[in-house]
1. Is it the case that some residue within segment 87-105 is part of a helix (DSSP H, G or I) and modelled with pLDDT of 90 or more?
2. Please go through segment 17-32 and pick out each residue that is surrounded by fewer than 14 Cβ atoms within 10 Å (Cβ to Cβ), touching a strand residue (DSSP E or B) at 6+ places or on another chain (Cβ under 8 Å) and either outside any helix (DSSP H, G or I) or at positive phi (or both).
3. Can you pull out the residues in segment 57-86 that are surrounded by fewer than 21 Cβ atoms within 10 Å (Cβ to Cβ), part of a helix (DSSP H, G or I) and without any contact (Cβ under 8 Å) to a residue 40 or more places away in the chain?
4. Can you tell me which condition residue 170 does not meet? The list is (1) outside any helix (DSSP H, G or I); (2) touching a residue at least 60 places away in the same chain (Cβ under 8 Å), and all the others hold.
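The values are calculated or read from the model by the stated rules, or taken from the named source; none is laboratory data. Keep in mind that this is a model prediction, so the values were computed, not measured. All Cβ positions, even for glycine, are placed from backbone atoms using ideal geometry, and neighbour counts span all protein chains on display.
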């Protein structure tokens, strides 16, 4: 199945700005969706779509700066490019500090925006790829039986089969069986690969990392 086409979500209370941005990005073959308020954006936003958000700083009601932490708390991780009609260092620093990818002051050069959008889309693609890889590893971990998980936890810290057997109160031959099944389920052929997977998900011996929960916005 083909991956969804990246979408640039444009949020600005100025209809003329939205039209100009959509036209500019359209000339580069970039798909856009436009919103004249943060609330309209929240009502229709699909965080599962790849892409980025071009967000005006100052809007009536819920401003762009107000919207940013709401999205972060809800686990919506599409990169944000802020645009503003004023060059305010304090505002730009605050936006970047809270995770914005870029901050552009109007009027900005077309190439500046196109470059920022391209970088944001690429960052989003890489982040989604990493999250998918982590989810795959965690699904493999969840397929392990309690005994296989116990063996896994001791294998990744370098214990030998006979040490694991003594620790779990089973014979070494049984450890070898559980170890082989665990390695097969995890899709690895060596201890080094297994340790890399363990490090990738931040797994501590005997405990699986909990995935973050997504909460509703609005």
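1. no
2. Scanning segment 17-32 gives no hits.
3. Those that are surrounded by fewer than 21 Cβ atoms within 10 Å (Cβ to Cβ), part of a helix (DSSP H, G or I) and without any contact (Cβ under 8 Å) to a residue 40 or more places away in the chain: 65, 66, 69, 72.
4. (2)
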